[in-house]
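Presented below is the structure to which this report refers.
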Amino acid sequence: MTTSNQKPSRDQLETFANTFPGRDYQIEILCPEFTSVCPKTGQPDFGSLTFRYIPDKLCVELKSLKLYLQSFRNEGIFYENVTNRILDDLAAVLQPRRLTLVAQFTPRGGISSRIVVSHPSGDHLPAAG
């Protein structure tokens with residue numbers, strides 16, 4: 001199945017039942033070869049995505065996650081937008097107890113970006129003091 005012409009959609013994400021719903025445990029998924037396109041320049045953007053989540057009733061099926069992420073290959077979208085969109089899609093499909101996505105993009109023009117988003121919102125942020 002090719003994803004080159006497929007637009008990203010949360011419908012691409014498949015799940016399976018968490019057989020340990022009474023236990024909090026963390027799943028970490030590393031995706032070191034994420035690609036999207038800069039909407040201003042049309043140039044490819046390369047990044048590494050790290051997902052950390054505590055499942056509730058569902059876990060994400062990895063092949064479907066891979067195909068979903070590959071569908072961003074030709075999508076013109078800013079780093080911040082793609083990171084938040086992916087988190088929103090996964091949170092909607094999985095309804096996890098907690099989910100954090102760290103997106104580290106390679107340098108362009110001497111500047112690199114690291115975007116961190118969480119569900120529940122702000123869960124990754126330190127306590128206000």
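Nothing in this text is a laboratory measurement; each read-out follows from the coordinates by a stated rule. For clarity, every value in this text was computed on a predicted model and none was experimentally measured. Heads up, the Cβs are rebuilt from the backbone with ideal geometry, glycines too, and the neighbour counts pull from every protein chain shown.
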Which one of these does S121 not meet: (1) under 23 Å from E14 (Cβ atoms); (2) outside any helix (DSSP H, G or I)?
(1)
Output the number of residues of the range 10-37 satisfying the condition of being of a type outside the set (S, T, N, Q) and in contact (Cβ under 8 Å) with a residue 60 or more places away in the chain.
4
Out of (1) more than 13 Å from L90 (Cα to Cα); (2) buried (at least 17 other Cβ atoms within 10 Å of the Cβ); (3) hydrophobic (A, V, I, L, M, F, W, C), the one C38 does not meet is (2)
Tell me whether the range 23-37 contains one or more residues that are touching a helix residue (DSSP H, G or I) at 6+ places or on another chain (Cβ under 8 Å) and basic (K, R).
no
Restricting attention to the range 103-111, does a residue exist that is aromatic (F, W, Y), surrounded by 14 or more Cβ atoms within 10 Å (Cβ to Cβ) and within 19 Å of E14 (Cα to Cα)?
no
Single condition V116 does not satisfy, out of (1) buried (at least 16 other Cβ atoms within 10 Å of the Cβ); (2) outside any helix (DSSP H, G or I); (3) hydrophobic (A, V, I, L, M, F, W, C)
(1)
Taking D123 as the residue in question, decide whether it is surrounded by 14 or more Cβ atoms within 10 Å (Cβ to Cβ) and of a type in the set (D, E).
no
Within the range 73-128, which residues are in contact (Cβ under 8 Å) with a residue 12 or more places away in the chain and on the phi > 0 side of the Ramachandran plot?
Q95
